[in-house]
Amino acid sequence: MAASSQRLGAFHTEREAYLVSRVLHRDSRAFHELYRSYRPRLTRFLTNLVSRPPLVEEVLNDTMMVVWNRLEAFKGNSKLSTWVFAIAYRKGMKALQRSDDPVEDNLLTASASHEPGPEERANHQWTHQALKRALAQLSPNHRIVVDLTYFHEMGYREIAEIMECPVDTVKTRMFHAKKQLKQILAGEKSDWL
């Protein structure tokens, strides 16, 4: 289905709708721009899912190849980002199932963002590292629900589409994820959640 006949609400911007229409016509430059726009979000999402940089890159590329080869399958019933993240989720889960390598904890090695003031930076870095360690202890499904909700600002209905499960399952996973995080982060910082 051409992007022009899809609902504009399926796209984050008019530019995204334009890029999709161009990709449907096999415009490789438009695809590269679409790829660049999704790469940071998908990298973060996949890092939280599979936790292995080489696997993240492989799944990211596999996901975007599906977008290139199967974009006509996107009907605009959901947001394009929901469709792309659903592909990434399925590819990531399959990659985890077939991978025998031990999980690298690269969630612990990412750098903290820079905020003004040394005290604020130190507090932010401590908080950031503690949260990453806690998230790394969750199952992939729980970690992804938290990631999509708080870092990608998606609603439960959209997450349910991505994970191909009922909304109530997403709510249950979030409940259990928060419960686990509170136990892991016991003490003064447990009131974050």
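The values are calculated or read from the model by the stated rules, or taken from the named source; none is laboratory data. Bear in mind the structure is a predicted one, so any value in this text is a computation, not a measurement. For neighbour counting, all protein chains shown are included, and Cβ atoms are generated from backbone atoms with ideal geometry for every residue, glycine included. For the accessible areas, the whole protein counts, side chains as well, though only heavy atoms, and no ligand, DNA or RNA atoms are used. Shrake-Rupley method; radii C 1.70, N 1.55, O 1.52, S 1.80 Å.
Summary of computed values
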quantity: Which numbered condition A177 fails, given (1) modelled with pLDDT of 90 or more; (2) among the small types (G, A, S); (3) open to solvent by 30 Å² or more (accessible area, probe 1.4 Å); calculated: (3)
quantity: Residue within region 21-28 that is touching a residue at least 24 places away in the same chain (Cβ under 8 Å) and over 20 Å from V146 (Cβ atoms) present; calculated: yes
quantity: Cross-chain or 6+ apart pairs with Cβ under 9 Å, region 55-82 first and more than 22 Å from T149 (Cα to Cα) and open to solvent by less than 20 Å² (accessible area, probe 1.4 Å), then in a loop (DSSP other than H, G, I, E, B) and of a type in the set (A, V, I, L, M, F, W, C); calculated: V67/F74; F74/M1
quantity: Single residue of M93, M1, M64 found to be aliphatic (A, V, I, L, M) and modelled with pLDDT of 95 or more; calculated: M64
quantity: Within region 155-187, tally of residues that are farther than 23 Å from L96 by Cα and assigned to a loop (DSSP other than H, G, I, E, B); calculated: 4
quantity: Qualifying residues in region 4-45 (those that are outside any helix (DSSP H, G or I), open to solvent by 80 Å² or more (accessible area, probe 1.4 Å) and modelled with pLDDT under 90) - the one farthest from G76 (Cα to Cα); calculated: H12
